[in-house]
Amino acid sequence: MTAASLQKVIASGNGLEATRLAYYQLSTGQPPLDAAVNGVTIVEDDPNELTVGFGGLPDANGEVTLDAAVMDGPRHRGGSVIGLKNVRHATKAARLVMEQTRRVMLCEEGDSAIFGAGLYVDNEMGTCGSIGHGEANLLNCSSFHAVQQTGRGASPIDAGLETLAFIAKRAAPYERNDKGEVNFRAFF
């Protein structure tokens, strides 16, 4: 089995075109980091995508602020940006932080671009990105937890479900509805 046949590209529902581009680029020999960043750029450019990039919804102050992070598994390096304003491609900015500085984070505010919480990469075990209730991701190191599960042999779906159960079990009382169910969302 070749390394190329083991490559997989996974995204949330808004990333279908991104996964197609990234998979194509991987299959033609592009480095994984290039393929991932180029794929995410498609989502960031979509004016109809309300969660990230050009079409992102404004925050409570009426401003669109963006977070992003990248990790390079072979080098175990990463870069992230949090709270960017007036930048269309936050993921490319995060890559510049990784490649052109000794820092791992440029921060205004936010949680999704924090390693272990919003994303984690381990070349031997897998990768994960998460969005949704940032505090839950931070407090549970959700992406790290999911990668640990895949490293123990879990499928990506099973790792995501186990991580969601892990988060739900630890949710604070104020994060639950009258039925005891968590009242926030997290995605892997």
From (1) surrounded by fewer than 18 Cβ atoms within 10 Å (Cβ to Cβ); (2) touching a strand residue (DSSP E or B) at 6+ places or on another chain (Cβ under 9 Å); (3) modelled with pLDDT under 85, pick out the condition that doesn't hold for GLU99.
(3)
LEU66 versus (1) modelled with pLDDT under 95; (2) among the hydrophobic types (A, V, I, L, M, F, W, C); (3) out of contact with any Gly (no Cβ under 9 Å at 6 or more places or on another chain); (4) under 15 Å from ALA94 (Cβ atoms): which is the lone unmet condition?
(3)
Which one is farthest from ILE10 (Cα to Cα), of the residues in region 140-177 that are among the hydrophobic types (A, V, I, L, M, F, W, C) and over 16 Å from the mean Cα position of the chain (by Cα)?
ALA172
Out of the residues in region 130-139 meeting the condition of being crowded, with 23+ Cβ neighbours inside 10 Å and not aliphatic (A, V, I, L, M), tell me which one is nearest to VAL70 (Cα to Cα).
SER130
Flag for HIS145 being farther than 20 Å from THR19 by Cα and modelled with pLDDT of 95 or more:
yes
Tell me yes or no: at least one residue of region 48-65 is in contact with a helix residue (DSSP H, G or I) (Cβ under 6 Å, 6 or more places away or on another chain), of a type in the set (Gly, Ala, Ser) and closer than 22 Å to PRO156 by Cα.
no
Identify, by number, the condition in (1) of a type in the set (D, E, K, R); (2) closer than 24 Å to GLY13 by Cβ; (3) in contact with a helix residue (DSSP H, G or I) (Cβ under 8 Å, 6 or more places away or on another chain) that ASP122 doesn't meet.
(2)
Of the residues that sit in region 141-188 and are of a type in the set (Phe, Trp, Tyr) and in contact (Cβ under 8 Å) with a residue 40 or more places away in the chain, which one is nearest to GLY116 (Cα to Cα)?
PHE188
Of (1) at pLDDT 85 or above; (2) within 13 Å of the chain's Cα centre (by Cα); (3) within 26 Å of LEU50 (Cβ to Cβ), ASN86 satisfies all except one. Which?
(2)
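The values are calculated or read from the model by the stated rules, or taken from the named source; none is laboratory data. Please read these numbers as outputs of a predicted model, since none were measured by experiment. Counting neighbours? That spans all protein chains shown, and the Cβs are built from the backbone with ideal geometry, glycine included.
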